[in-house]
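Participant: One structure is given below, represented as structure tokens, and several questions about it will come after.
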Amino acid sequence: MASHVEVVSTDLRRIKVKVTPSTYLVDVLGEACQKLHASPDRFLLKHKQKVVDLTGPFRTSGLSPGAKLELVLKSSSPSVVSIALDVEGSRFTKKLPSDMPLWQVLRQFETSEQGLNVTGKGLPKSDSGGQLYYQAPVVNIMGREYSAKEDLQKTLSQCGINSGSMVLRIFFHRTEKTLSDALQEMDLYMNEVDPEKPREQAKAETQVTPTVSETKEEIVSGDTPMPDFTASETVEKGNDTAVTSDKPTNAPADSDALSVGEPSTSIANVDHLQPTGVFSAPEYSTPVAAQIYEDDSVYEPTIAHAQLRQQQLLTRTQNTRLKSDAELAAIEAEKVAKLAKITKVDVKVRFPDQTSAQWTINPEDTGSFLYQAIRGVMAHPQEPFKLVMSGPNGGPIFDNAKPIIASYGLKTRELLNLLWEDAVSQNARSAPFLNDKAASRALAVPVPTVPQGSADEGESTAGPSTTVATSEKKERSLDSAAVRKTISKLFKLPGRK
């Protein structure tokens with residue numbers, strides 16, 4: 001009998017997913033994430049503050065029809081699970097990470113257990129003349145079988161195993177492929193879909209330390225982008241030497257080599273119009289900040305929060321004197337003095353296709369300079385656009401000769417949004433914003449590791465300052481005295497003073 005469950009996302013959107021008694025909950029998670037345009041690898045399901053076991057079917061989950069499930073973010077780091085491999089009556093146990101594919105799990109057991117053969121088993125037919133035919137492994141997890149090549153490439157987490165322990169029962173079914181052909185085909189498929197192998201190859205290539213001349217030639221020719229500072233200084237020292245390059249002669253070699261990565265202040269010969277960093281669009285539509293899981297208890301207000309709020313409301317009710325003209329002029333002069341001390345500002349511009357680039361702005365740089373620098377990385381530099389500062393009080397930045405830092409009060413780091421004008425063609429709107437030269441240098445936006453908060457940490461860090469905390473004892477004693485005085489008046493007998 002068909003029923004449904006209701007999945008509530010982190011942004012309080014509700015999705016109904018139809019289920020039957022044989023529907024596996026990992027499929028419920030996948031269907032809900034598909035409707036919400038999210039990746040199921042990053043989420044878990046909770047029911048009444050308890051994590052739902054995704055490996056089993058709906059009939060064994062203990063959920064009632066119409067149950068409300070919460071879609072919550074799981075930890076970005078893989079968890080360690082205990083896997084027991086049951087092969088023809090023999091059981092082997094091993095602790096493995098939850099992001100390991102099933103095929104690699106089988107290979108891990110074969111490596112650690114002597115004489116165990118799961119992925120390369122063959123059996124001769126009666127009329128084959130001794131030719132071995134491949135016995136394909138079938139992984140059974142809570143009654144669900146994984147046997148195809150695509151299924152064996154799924155990770156333990158994608159099969160619903162995120163914590164605790166699980167038994168993988170292994171069966172074999174005979175195929176019509178010879179053992180050698182089947183193993184060669186499987187190895188070829190795993191090498192094509194395994195994303196770790198290209199990373200290991202790239203890591204091995206970057207570990208080779210080239211000589212100074214080889215590093216210079218590779219960076220200038222653009223074959224191997226090297227955003228680190230050591231390679232950048234190598235290019236700077238060799239500016240007086242002529243180097244053969246396939247890039248156009250009107251593009252400085254130094255700026256091409258140094259336009260990727262973090263800003264470097266020790267190099268003076270960098271073309272100022274070139275960005276100090278180019279970043280690609282995020283992989284997922286959900287912001288990274290929204291994918292960080294925090295316990296709900298972190299956001300619960302404490303007594304310290306309530307007392308601080310009461311103090312703020314009491315301060316607002318008091319009459320305050322308006323500042324005089326001299327005081328306002330002094331405040332304005334202080335702001336101007338602070339802006340005059342700023343020597344540079346890192347300005348990051350976010351483009352319509354969510355790519356971005358970063359420039360280091362000096363006090364003498366103008367709005368026209370920033371517009372010119374942005375047009376240098378655009379695929380359609382002739383199209384009109386405008387720059388808008390981020391934040392509720394942000395305003396437009398105009399293409400004029402006024403200094404940016406002094407005119408708009410920019411601080412150490414600023415984020416600007418680039419918006420198309422109404423006259424921009426549809427072709428430019430749908431096309432990638434960055435030109436090929438800038439797009440080839442784009443790096444993924446580095447995401448810092450943010451420690452997850454807890455209820456105790458939230459109370460200690462989110463409360464008022466130390467000065468307010470020290471004065472709480474005095475206020476508490478005064479409040480208690482006032483309460484006792486009020487209570488004594490309430491219980492005073494008539495005719496008594």
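Participant: Residue pairs, Cβ under 8 Å, 6 or more apart or interchain, first in region 38-67 and under 25 Å from Asp99 (Cβ atoms) and free of Cβ contacts under 8 Å to residues at least 40 places away in the same chain, second hydrophobic (A, V, I, L, M, F, W, C) and assigned to a loop (DSSP other than H, G, I, E, B). List them.
Facilitator: Leu45/Val52; Leu45/Leu54; Lys46/Val52; His47/Leu63; His47/Ala67; Val52/Leu63; Ser61/Val52
Participant: Here is a follow-up. Just a yes or no: is a residue in region 311-332 among the β-branched types (Val, Ile, Thr) and touching a strand residue (DSSP E or B) at 6+ places or on another chain (Cβ under 9 Å)?
Facilitator: Taking every residue of region 311-332 in turn, none turns out to be among the β-branched types (Val, Ile, Thr) and touching a strand residue (DSSP E or B) at 6+ places or on another chain (Cβ under 9 Å).
Participant: Further question: Go through region 93-106 and report how many residues are over 19 Å from Ser77 (Cβ atoms) and either crowded, with 16+ Cβ neighbours inside 10 Å or aliphatic (A, V, I, L, M) (or both).
Facilitator: 3
Participant: I need the full set of residues from region 397-421 which are of a type outside the set (Ser, Thr, Tyr), under 15 Å from Lys348 (Cα atoms) and under 29 Å from the mean Cα position of the chain (by Cα), in order please.
Facilitator: Listed by number, the residues that qualify are Leu410, Lys411, Arg413, Glu414, Leu415, Leu416, Asn417, Leu418, Leu419.
Participant: Further question: Hey, any hits in region 204-223 for a residue that's out of contact with any Ser or Thr (no Cβ under 6 Å at 6 or more places or on another chain), at pLDDT 85 or above, surrounded by 12 or more Cβ atoms within 10 Å (Cβ to Cβ) and part of a helix (DSSP H, G or I)?
Facilitator: No, region 204-223 contains no residue that is out of contact with any Ser or Thr (no Cβ under 6 Å at 6 or more places or on another chain), at pLDDT 85 or above, surrounded by 12 or more Cβ atoms within 10 Å (Cβ to Cβ) and part of a helix (DSSP H, G or I).
Participant: Restricting attention to region 399-409, does a residue exist that is part of a strand (DSSP E or B) and surrounded by 20 or more Cβ atoms within 10 Å (Cβ to Cβ)?
Facilitator: So far as region 399-409 goes, no, none of its residues is part of a strand (DSSP E or B) and surrounded by 20 or more Cβ atoms within 10 Å (Cβ to Cβ).
Participant: Go through region 245-346 and tell me which helices (runs of 4 or more DSSP H), entirely inside it, have 3 or more residues that are charged (D, E, K, R) and modelled with pLDDT of 85 or more.
Facilitator: 325-341
Participant: Right, another one. Need the failing condition index for Gln108 against (1) part of a strand (DSSP E or B); (2) free of Cβ contacts under 8 Å to residues at least 24 places away in the same chain, just the number.
Facilitator: The single condition Gln108 does not satisfy is (1).
Participant: Right, Ile342: in contact (Cβ under 8 Å) with a residue 60 or more places away in the chain, among the β-branched types (Val, Ile, Thr), crowded, with 16+ Cβ neighbours inside 10 Å and out of contact with any strand residue (DSSP E or B) (no Cβ under 8 Å at 6 or more places or on another chain) or not?
Facilitator: yes
Participant: Continuing with this model, one more query. Taking region 111-128, which residues are without any contact (Cβ under 8 Å) to a residue 40 or more places away in the chain and of a type in the set (D, E, K, R)?
Facilitator: Glu113, Lys125, Asp127 - these are the residues of region 111-128 that are without any contact (Cβ under 8 Å) to a residue 40 or more places away in the chain and of a type in the set (D, E, K, R).
Participant: If I filter region 358-374 down to residues being within 30 Å of the chain's Cα centre (by Cα) and in a helix (DSSP H, G or I), which single residue comes out as surrounded by the fewest Cβ atoms within 10 Å (Cβ to Cβ)?
Facilitator: Tyr371
Participant: Sticking with this structure for a sec: For Gln354, only one of the following conditions fails: (1) more than 30 Å from Ser285 (Cβ to Cβ); (2) surrounded by fewer than 18 Cβ atoms within 10 Å (Cβ to Cβ). What is its number?
Facilitator: (1)
Participant: Select from region 151-186 the residues that are part of a loop (DSSP other than H, G, I, E, B) and surrounded by fewer than 15 Cβ atoms within 10 Å (Cβ to Cβ) and list them in ascending order.
Facilitator: The one that is part of a loop (DSSP other than H, G, I, E, B) and surrounded by fewer than 15 Cβ atoms within 10 Å (Cβ to Cβ): Gly164.
Participant: Kindly indicate whether any position in region 51-70 is outside the structural domain of Thr20 (by TED's automatic domain parsing), basic (Lys, Arg) and closer than 30 Å to Phe172 by Cβ.
Facilitator: No: zero hits.
Participant: Next question, about the same structure. Does Lys16 satisfy being outside the structural domain of Glu145 (by TED's automatic domain parsing), in contact (Cβ under 8 Å) with a residue 12 or more places away in the chain and charged (D, E, K, R)?
Facilitator: In short, yes.
The values are calculated or read from the model by the stated rules, or taken from the named source; none is laboratory data. Everything numeric here is computed off the predicted structure, so don't read it as measured data. Cβ coordinates were reconstructed from backbone atoms using ideal geometry, including for glycine residues, and neighbour counts include every protein chain displayed.
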